[in-house]
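Heads up, the thing below is written out as structure tokens.
No value in this document is a laboratory result; all are computed from the given coordinates. Since the model is a prediction, treat every value here as computed from it, not as a measurement. All Cβ positions, even for glycine, are placed from backbone atoms using ideal geometry, and neighbour counts span all protein chains on display.
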Amino acid sequence: MTKCNKFPIIFSSLKNKKIVANFKGGAITSDVGALLLREVDKKLNLTKNISKLIPDHREPGKIKHKIIDMLRQRIYGLALGYEDLNDHTHLRNDLILKTAIEKDDTLASSSTLCRFENKFERKITLDFDPTDLPTYGKQENRHYHGYYKHECFLPLHVFCEEKLLVSYLRPSNIDGAKHAWAILSLLVQYLKKTWPNVKILFRADSGFCRPKMLTWCEKNNIDYIVGIGANVKLQKLIQPLVDRAKKEFELSGEKQQLFTDFYYSAKAWNKQRRIIGKAEYNHKGDNKRFIITTLSESCEIVYKNVYCPRGNMENKIKEQFELFSYRTSCHEWWPNQFRVLLAGLAYILIENLRSVYLKGTQFFTSQISTIRLKLFKIGAIICKN
């Protein structure tokens, strides 16, 4: 038998605010049960504990909606019968739901919640990039490099976001992509063993555009986005877009960037592949760039949001230099390789400190040289018992 209660119901307080339910009418909601969900959640510490298990790689100063708040918003919404993300277009302003989630401000939008959910698809991007280590002595396997205009080694670095995976010393009288295929194969084998369903993206500049390597990626379900040199045929295919960019620049006086894509096959290829072209025009003239990829998203999104971020590799390699990876002054080869490896291990140590223990501090985005100066090089008086 239903038991009616005409007296106010008192819920646990929120900060210094009392939460009381009465039956006097006024602003009406159909979801007052959200407060009941809040009470159960607090007893179980469900969303609080789950939120701690979800990594948050966003910049601390730019976070508007915390992980725990978005978890509660989505979970409470599902419990209340709101299955669609679009429902949160109006729910984000619902006072009862905001109270249950313990927020005064507007809740996350449907698009923010969508990004939050999609972040959990496990994707790994492997960035390959060579650099030069100048040599000034008679080191074994040093050679003159025509591009860098000096004698050097040509180490290969592989990063996954900020994480260094490979630091491999090579002579400079080789193809810049030498051994990259073997290293990629070993990394894929290890990653697939650990995460069988992981999606892997191979990203590199035009120095790694090798048909056999691309074919191997396709056969092994590895996505790739790689620069490709501008030959005569590619130049001809993009010229109409360059002409259009020039006209728009002349009309506006502002730099123009236009994008297109097409399928193209060089003589050495066994199939056509997707090429994305960028036609840029500014006061210095035209600038044409091409990439080859298996990704299917729009040209501009793939170029700007997926390919261009590889430019951050330069900063990560610079940090290798800050850890003295360039000190390859031993006469024999293997001691120099070991020095490069030691610098890489020092990077891993400091990067872990930065990404895990300095999160939420002013040093979270600092260069290694800054961390060394501010946190390591601190004077102290030593007292020995």
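Which shape class, rounded, prolate or oblate, goes with region 322-373 when its Cα gyration tensor gives a ≥ b ≥ c as root eigenvalues, a/c under 1.5 marks rounded, and past that a/b bigger than b/c marks prolate? It would help to have the intermediate numbers written out before the result.
Details: a/c = 5.81, a/b = 2.70, b/c = 2.15.
In terms of gyration-tensor shape, prolate.
Rounded to the nearest 20 debye, what is the charge dipole size of the chain about its Cα centre when +1 sits on each Lys and Arg Cβ and -1 on each Asp and Glu Cβ? Before the final figure, lay out the partial values.
On the way: 63 positive and 40 negative charges, 142 e Å.
So the magnitude is around 680 debye.
Specify which labelled value, from (i) 24.8; (ii) 21.0; (iii) 32.7, agrees with mean projected area of the Cα convex hull in nm² derived from the coordinates of the model shown.
(iii)
Alpha carbon centre of region 194-208 versus region 89-114: separation in Å?
That distance is 37 Å.
Filter the GluC sites (Glu not before Pro) in region 317-381 to those in DSSP coil with at most 11 other Cβ atoms within 10 Å of their Cβ, and list the result.
Values: sites: Glu319, Glu322, Glu332, Glu351; in loops: Glu332.
Here the sparse-neighbourhood loop sites are Glu332.
Sort 242-250, 67-75 by the packing proxy (mean of other Cβ within 10 Å over each peptide's residues), most packed first.
Numbers: 242-250: 15.9, 67-75: 20.2.
Per-residue mean Cβ counts within 10 Å order the peptides as 67-75, 242-250.
Taking the alpha-carbon distance from Lys178 and a cut-off under 17 Å, which aspartates and glutamates remain once sequence neighbours fewer than 8 residues away in the same chain are dropped?
Cα-Cα hits under 17 Å: Asp127, Asp129, Asp132, Asp205.
In the structure displayed, which of Lys66/Lys123; Lys15/Lys374; Lys52/Lys316; Lys123/Lys316 lie more than 31 Å apart, Cα to Cα? Before the final figure, lay out the partial values.
Values: Lys66/Lys123 22 Å; Lys15/Lys374 37 Å; Lys52/Lys316 28 Å; Lys123/Lys316 20 Å.
Long pairs (Cα-Cα over 31 Å): Lys15/Lys374.
Amide H neighbours of His143 under 5 Å, at least 5 residues apart or on other chains, H built in the peptide plane: list them.
For His143, whose amide H was placed from the backbone, the distant partners under 5 Å are Cys152, Ser172.
Setting aside same-chain residues fewer than 8 positions from Lys64, which aspartates and glutamates have a Cα under 17 Å from its Cα?
Within the straight-line cut-off, Lys64 pairs with Asp56, Glu102, Asp104, Asp105, Glu117.
Which entries of Lys149/Lys288; Lys42/Lys98; Lys199/Lys267; Lys255/Lys278 show an alpha-carbon separation above 23 angstrom in the structure shown?
On the way: Lys149/Lys288 25 Å; Lys42/Lys98 15 Å; Lys199/Lys267 30 Å; Lys255/Lys278 13 Å.
Checking Cα-Cα distances, Lys149/Lys288; Lys199/Lys267 exceed 23 Å.
Where the centre of each part is set by its Cα atoms, how far does region 279-326 sit from region 121-187, in angstrom?
If you average the Cα positions of each part, the centres end up 17 Å apart.
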